[in-house]
């Protein structure tokens with residue numbers, strides 16, 4: 001089982017938010033089921049929380065998160081979902097990163113661990129979404 005991890009889960013841990021223990025337990029469960037994966041988009045989003053890239057890399061390694069690239073097919077799939085979202089006039093502003101993370105999880109993992117369950121469930125229906 002491969003679990004893709006959304007930025008929202010890791011931010012909860014890094015910022016020690018009230019549900020950080022829940023996020024950590026969910027990561028441990030995912031690791032116990034197989035491997036944990038993050039897209040390069042997640043890495044970029046996390047970058048602002050670290051003083052150096054080396055600290056970011058160390059964090060990812062310590063959390064046993066493998067980094068996976070975004071393929072052209074994945075980017076095109078994200079574009080499809082973005083068109084659908086725009087056509088349906090989604091209820092809140094979304095950036096390309098949200099769609100890339102979802103499309104990446106669909107093409108490279110069995111499930112996505114996220115704190116943003118509503119959006120991911122609505123727009124990535126074929127994807128198994130595990131929420132905190």
Distance from segment 71-132 to segment 1-31 (C-alpha centre basis), Å: 18 Å
Residue 16-residue 121 FRET efficiency (beta carbon distance; Förster radius 30 Å; 0.05 resolution): 0.65
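Take the Cβ-Cβ distance between residue 55 and residue 94 as r, set R0 to 35 Å, and report the resulting FRET efficiency rounded to the nearest 0.05.
Details: r = 29 Å, r/R0 = 0.82.
According to the calculation, E is roughly 0.75.
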Residue among 13, 101, 67 with the largest mean-square fluctuation in a Gaussian network model of the chain, springs linking Cα atoms under 10 Å: 13
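From Cα pairs below 8 angstrom and at least 6 apart in sequence, can you work out the relative contact order of segment 1-125, rounded to a whole percent? Display every interim value, and only then the final one.
Details: 142 pairs, mean separation 47.2, N = 125.
The value is 38 percent.
What value does segment 20-130 have for Rg/Rh, both radii from Cα atoms and Rh as Kirkwood defines it?
Values: Rg = 14.3 Å, Rh = 14.8 Å.
Here Rg/Rh amounts to 0.97.
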Estimated [θ] at 222 nm from DSSP helical runs (n ≥ 4, -39500 (n - 2.57)) normalised by residues in the chain, nearest 500: -17000 deg cm²/dmol
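Since every read-out is calculated from the coordinates, none of them should be taken as a lab result. Every value quoted in this text rests on a predicted model; they were computed, and no experiment measured them. All Cβ positions, glycine included, derive from the backbone under ideal geometry; neighbour counts span all protein chains shown.
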